[in-house]
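Okay, here's the structure, questions in a sec.
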Amino acid sequence: MRLAGKIGIVTAAASGMGRAGAVRFAKEGASVAVVDLDAAQAEAVAGEIRSAGGKAVAIAGDLTQDTFARDIVGRTLAEFGNLDFVWNHVGHPGPASLEGIDMADYALAMDLNCRSVLVTTEAAIPILRARRGGSLLFTASISGLTGSPNSPVYSMAKFGVVGFVRSLAKRLAPDHIRVNAICPGPIDTPMLRTFVLRPDQQAPAGKDVETLLVERAGRVPFGRAGKPEEIANAALFLISDEASYVSGVAMPVDGAATA
């Protein structure tokens, strides 16, 4: 198994790509802390892993709160005794509009996309440094590689994540800590539906959200949206020892959308 004996944290792991990653990592031998705001869903994912013979604990709370974002590291250590990787997957689409921007929505997006991952990472680094290695993975986006006219605040945050990753990769290389980002394109998750039809928009006559999703995904060279499991597969590689010489990478997983 590719993660045998490894211990890690996955945030926003109750659904979508985070859930797919947590389940996949556990199948590959990792003990996983399943972190999410939704306590019931986090426990459901942890229970699914345990039912399949894996090891998992659910940790529920609000990652916009610095104390909780930091404490998930300590709670993982208390449960499993060590830490090998963190997948900072949590994120938020943020406001679509700039004119009349909702600053509370902006603040939430920046807190989840940037501040929370900074705080969790700050707590994890001493543990990984003490054991002379480990892997930090961040979910950015293709919107962190190319500008998004429909989601400029999201692009702002995800460009920041990519810059943070590249800076940390150099900073932590002497400690043998690898730092990478995964940059999903359109992936068939609830968040994709948020991007397809923003709350301040109306669907064109005769088109529902699912129709719009199919149309948007059809513009990707592969002709479809990605699956959460396809992101989990890429995340598995970046976290595993197979990527032992890979650090500072912002890897698109996007059906050639950014090619």
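The values are calculated or read from the model by the stated rules, or taken from the named source; none is laboratory data. Computed from a predicted structure; not experimentally measured. Neighbour counts are summed over all protein chains in view; Cβ atoms, including those assigned to glycine, are modelled from backbone coordinates with ideal geometry.
Of all the residues that make up segment 48-70, how many are in contact (Cβ under 8 Å) with a residue 12 or more places away in the chain and either within 24 Å of H176 (Cα to Cα) or in contact with a strand residue (DSSP E or B) (Cβ under 7 Å, 6 or more places away or on another chain) (or both)?
Result for segment 48-70: 10.
Still on this structure: Of the residues N88, N82, which single one is crowded, with 23+ Cβ neighbours inside 10 Å, modelled with pLDDT of 95 or more and of a type in the set (S, T, N, Q)?
N88
Further question: Six or more apart or on different chains, Cβ atoms under 7 Å: show the pairs whose first residue is in segment 75-93 and touching a residue at least 40 places away in the same chain (Cβ under 8 Å) and assigned to a loop (DSSP other than H, G, I, E, B) and whose second is surrounded by fewer than 24 Cβ atoms within 10 Å (Cβ to Cβ) and β-branched (V, I, T).
N82/I7; L83/I7; L83/V73; L83/I127; D84/I7; P93/T194
Now for a different question. Can you spot a residue in segment 64-72 that is part of a loop (DSSP other than H, G, I, E, B), surrounded by 17 or more Cβ atoms within 10 Å (Cβ to Cβ), at pLDDT 95 or above and β-branched (V, I, T)?
yes
Something else now. Pick out the one residue from D175, D188 that is surrounded by 13 or more Cβ atoms within 10 Å (Cβ to Cβ), under 18 Å from T258 (Cα atoms) and at pLDDT 75 or above.
D188
Of the numbered conditions (1) charged (D, E, K, R); (2) at pLDDT 95 or above; (3) assigned to a helix (DSSP H, G or I); (4) under 23 Å from L37 (Cα atoms), R129 satisfies every one except a single condition; which is it?
All conditions are met except number (4).
Any chance you could count how many residues in segment 231-248 are in contact (Cβ under 8 Å) with a residue 60 or more places away in the chain and assigned to a loop (DSSP other than H, G, I, E, B)?
5
Kindly establish whether A104 is out of contact with any helix residue (DSSP H, G or I) (no Cβ under 7 Å at 6 or more places or on another chain) and buried (at least 24 other Cβ atoms within 10 Å of the Cβ).
no
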